[in-house]
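The values are calculated or read from the model by the stated rules, or taken from the named source; none is laboratory data. Everything numeric in this text was worked out from a predicted model, so none of it was measured. Because the Cβ atoms are built from the backbone with ideal geometry, glycine has one as well, and the counts that use them run over all protein chains shown. Side chains are part of the model used for accessible areas, which takes the heavy atoms of the whole protein and leaves out ligands, DNA and RNA. Shrake-Rupley method; radii C 1.70, N 1.55, O 1.52, S 1.80 Å.
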Amino acid sequence: ELHREFNMTDDAFLFHKNQTPGMLALYEGKMIHQFTHLYAEPRYWVDEQEGRKALLGRNGVDNGQKLDYQGYRLGFRDIASSTNERTMISTLIPPNCFAGNTLILSQPLTKQDDLLFICSVLNSFACDSLIRQKVTAHCSMFYVYQLPVPRLTSGDKYFTDIVQRAAKLICTAPEFDELAQEVGLNSHREGVTDETQRAQLRAELDGIIAHLYGLTEAEFAYILTTFPIVPEAVKQAAVEAYRTFAPKSGEPEIINLIDTGENNTIEFK
């Protein structure tokens, strides 16, 4: 479920330009980039108690219950264009921060690996090419609701590969340690900050996800041509990754045997 948290105009009385104890950062769309939670520093801060009161509403009672801002959430930029380098700009934002209406948020999920999977799909060339056909100036949540997204869960082919790569891209600061540990990393120290390595991880994600959408290599190569501002090296790396993760000869037959299960003549070992 997607929603906006604070309105940058109507709720401006909550925003402070200087941070003092008890205040949390207010995230805006321009503060994030793909797989990057702090692309720019925050401009405003919100007193946590005032923020909780505003979120609970006039008749809400604060019993110290956990609210959405206290968990990991998927966020994507509202302001976007089909002529930008990329249209969908998504990442996970850490707990204990609020957000303005230029950043559309998901509710926290029970399983954090699902958040990482969804973020990876949204940031892929395959998915981005779809939403670019709809967006003019705003990446509306209603456009996102219409996107076809593969329904993978833990145990499905490629799910762990995608989650692990996304975790290394996103979990690069201490506030992501809990998330990192939940998906199999020891801490944010296993996150990848080297730009060359990050580029390789992103190429691999694009290659894997192109297969999830059932794209042929020619179809995937054509999709990449619809991103004219993206550097050619990035596109070539994505195509190479697509080839790396292409099913090997005989794999469909093996998958069919597994799906069929054991019988009078086959026993799994």
Residues that are within 20 Å of the chain's Cα centre (by Cα) and without any contact (Cβ under 8 Å) to a residue 60 or more places away in the chain, drawn from segment 3-35: H33
Criterion violated by D62 - all others in (1) in a loop (DSSP other than H, G, I, E, B); (2) open to solvent by less than 20 Å² (accessible area, probe 1.4 Å) satisfied: (2)
Search result, residues across segment 30-57 that are of a type in the set (S, T, N, Q) and within 18 Å of I104 (Cα to Cα): Q34, T36
Residue in segment 112-119 that is assigned to a loop (DSSP other than H, G, I, E, B), on the phi < 0 side of the Ramachandran plot, surrounded by fewer than 21 Cβ atoms within 10 Å (Cβ to Cβ) and of a type in the set (D, E) present: no
Residue selected from segment 129-151 under the condition surrounded by 15 or more Cβ atoms within 10 Å (Cβ to Cβ) and among the hydroxyl-bearing types (S, T, Y), by the criterion modelled with the highest pLDDT: S129
Subset tally (residues that are open to solvent by 30 Å² or more (accessible area, probe 1.4 Å) and part of a loop (DSSP other than H, G, I, E, B)) for segment 79-94: 4
Those residues of segment 98-111 which are part of a strand (DSSP E or B) and either surrounded by fewer than 17 Cβ atoms within 10 Å (Cβ to Cβ) or out of contact with any helix residue (DSSP H, G or I) (no Cβ under 7 Å at 6 or more places or on another chain) (or both), in sequence order: A99, G100, L105, S106
Members of segment 67-95 that are more than 18 Å from the chain's Cα centre (by Cα) and over 18 Å from L2 (Cα atoms): S81, S82, T83, N84
Scan of segment 39-59 for residues that are assigned to a loop (DSSP other than H, G, I, E, B) and closer than 21 Å to P21 by Cβ, ordered by number: E41, P42, R43
Residue match in segment 1-13 (condition: buried (at least 17 other Cβ atoms within 10 Å of the Cβ), among the small types (G, A, S), at negative phi and not in a loop (DSSP other than H, G, I, E, B)): no
Residue ID - nearest to Y72 (Cα to Cα), chosen from residues in segment 147-187 that are of a type in the set (K, R) and under 14 Å from the mean Cα position of the chain (by Cα): K168
Residue in segment 155-171 that is among the β-branched types (V, I, T), open to solvent by 40 Å² or more (accessible area, probe 1.4 Å) and either closer than 17 Å to R86 by Cβ or assigned to a loop (DSSP other than H, G, I, E, B) (or both) present: no
Filter result (of a type in the set (V, I, T), in a loop (DSSP other than H, G, I, E, B), closer than 23 Å to N84 by Cα and open to solvent by less than 80 Å² (accessible area, probe 1.4 Å)) within segment 184-233: T226, V230
